Amino acid sequence: VPGIVGGTSGAAPTWAAAIVQANAGTACQANGRVGFLNNALYKAARSSYPTNFWDVTSGNNSVYATGYTAAAGYDEVTGLGSPRGAALSTALCAAQGTAATGASTFHPLSSPKRLLDTRNGTGWGLSSIPTTKPLVAGGTAPVKIEGAGGIPSSGVTAVVLNLTVTGTTGAGSLIAWADGTSKPSTSNLNWTGASQTIAASATVKVADDGVVDLYTSSTTHLIADVQGYYTSGTSGSKYTPLTPARLLDTRSKVGISTTSKISNAVLSLKVRGHGGVPTGATAAVLNLTATQTVGGGYLEAYPEGATRPTASNVNWSATGTTIPNLVVVPIGSDGNVSIYVHGTSHVIADVSGYFSTSGPTYDTGTPLRLLDARQTTAPRAGAPLALQA
């Protein structure tokens, strides 16, 4: 007797059959079995949605007057829709290709560009996802890298992102990785409680589709600002590491003539010719720290002489905190970097490397945990830890 089958009773056998057919097809025979579906499905939707999916735009899943209604594109009732068998099978198998690798050179941006902000809908991969809501626990935000924010539309091997969580709902972690590849077990950013704003810099491999995925283990708003990118070839700058050197410490008159905290002001940081940075350097890698903060605030680093950006590098939300973050910032034509202090805080800046026309190229890699002191005997206070690179 004919009847209606819905929910997982209908979806599970449908998708199981579709993947069996895909794995048996010529595309998967050449590139490998489909494997973990989530990344590949959303990649197929971004690349050519009408080709790979039937869009279900009517109906609902209301039960006792509650539920969701289907709409164009992604929705909470039908997800991405129903599969177009042959086309989607080819797309899923093609997605098993690997991300770009190899020697790369760096291209700093003159000003950080915002690629994602879940507070106002900036940069979501699928326009019909609810864009002004926080990313839910266990959720993944696909962020388009190539072709966005002044980045080339192809050839990008890695990107330098400043990642920020704000409005956190509890302790959690964030993981960034190349779309279409396996999610690593290492985190890029961690926070310890609710109502926090925490930022961290991350260099992330970029896959062939030009997308980076961001996963959060607890519900939070998420911001991603790009500071620069790597491409294959030799047209960009090369990185030279330095023994870390302190260029600025407002607590002790290093790089400044006062020991007062800085309030809503711009600091001029001399970089070229200081701490081992040569006169030909184009960008510097700085570890910025806000300490002995008063209330909430943030730091912004940018090349001196340029317009101050709208993207922050270090954020704090309470009095008496110490918050560091790594920043890649172009050096102004006068050899200096500007640091804007919004709020009140002491500021520390340590240089750990620079970019110029000479030096080694960069090779992208998969994140790998080299040290976890929680799984070893607790180190003595003040004792060094040896890290095998």
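Among the residues of the range 154-173, the one identified as assigned to a loop (DSSP other than H, G, I, E, B) and surrounded by 20 or more Cβ atoms within 10 Å (Cβ to Cβ) is T168.
Looking only at the range 318-330, decide whether some residue is surrounded by fewer than 17 Cβ atoms within 10 Å (Cβ to Cβ) and farther than 30 Å from Q196 by Cα. No, the conditions are met nowhere in the range 318-330. The set of residues from the range 52-75 being open to solvent by 40 Å² or more (accessible area, probe 1.4 Å) and within 18 Å of W15 (Cβ to Cβ) comprises W54, D55, V56, N61, Y74. Here R308 passes the criteria (1) under 16 Å from the mean Cα position of the chain (by Cα); (2) modelled with pLDDT under 95 except the one numbered (1). Quick one: in the range 118-146, which of the residues that are touching a helix residue (DSSP H, G or I) at 6+ places or on another chain (Cβ under 9 Å) and modelled with pLDDT of 65 or more is farthest from Y215 (Cα to Cα)? Within the range 118-146, the match that is farthest from Y215 (Cα to Cα) is K144. Here the condition is being crowded, with 16+ Cβ neighbours inside 10 Å, out of contact with any His (no Cβ under 6 Å at 6 or more places or on another chain) and of a type outside the set (K, R); of A176, A194, it holds for A176 alone. Quick one: would you say G343 is modelled with pLDDT of 95 or more and either over 25 Å from W191 (Cα atoms) or open to solvent by 70 Å² or more (accessible area, probe 1.4 Å) (or both)? So G343 fails the test.
Conditions (1) under 25 Å from R114 (Cβ atoms); (2) in contact (Cβ under 8 Å) with a residue 12 or more places away in the chain; (3) among the small types (G, A, S); (4) not in a strand (DSSP E or B), marked per residue:
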{"residue": "S187", "(1), (2), (3), (4)": "yes, yes, yes, yes"}
{"residue": "A202", "(1), (2), (3), (4)": "yes, yes, yes, no"}
{"residue": "A207", "(1), (2), (3), (4)": "yes, yes, yes, yes"}
{"residue": "L214", "(1), (2), (3), (4)": "yes, yes, no, no"}
{"residue": "S218", "(1), (2), (3), (4)": "yes, yes, yes, yes"}
{"residue": "D225", "(1), (2), (3), (4)": "yes, yes, no, no"}
{"residue": "T240", "(1), (2), (3), (4)": "no, yes, no, no"}
{"residue": "L248", "(1), (2), (3), (4)": "no, yes, no, no"}
{"residue": "R251", "(1), (2), (3), (4)": "no, yes, no, yes"}
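Taken over the range 227-238, the criterion of being outside any strand (DSSP E or B) and surrounded by fewer than 20 Cβ atoms within 10 Å (Cβ to Cβ) is satisfied by G233, T234, S235. Every condition in (1) open to solvent by 30 Å² or more (accessible area, probe 1.4 Å); (2) among the small types (G, A, S); (3) under 24 Å from A148 (Cβ atoms) is met by A207 except one, and the failing one is (1). Evaluated against (1) in contact with an Asp or Glu (Cβ under 7 Å, 6 or more places away or on another chain); (2) open to solvent by 50 Å² or more (accessible area, probe 1.4 Å); (3) closer than 26 Å to T122 by Cα, Y298 falls short on exactly one condition, (1). Can you say whether R84 is modelled with pLDDT under 80, basic (K, R) and more than 24 Å from P367 (Cα to Cα), as far as the supplied structure shows? No. Residues in the range 255-273 that are outside any strand (DSSP E or B) and crowded, with 17+ Cβ neighbours inside 10 Å: G255, I256, K261, V271, R272.
The values are calculated or read from the model by the stated rules, or taken from the named source; none is laboratory data. Just so it is clear, the model here is predicted, and its values are computed rather than measured. Because the Cβ atoms are built from the backbone with ideal geometry, glycine has one as well, and the counts that use them run over all protein chains shown. Surface areas here come from the heavy atoms of the whole protein model, side chains and all, with no ligands, DNA or RNA. Shrake-Rupley method; radii C 1.70, N 1.55, O 1.52, S 1.80 Å.
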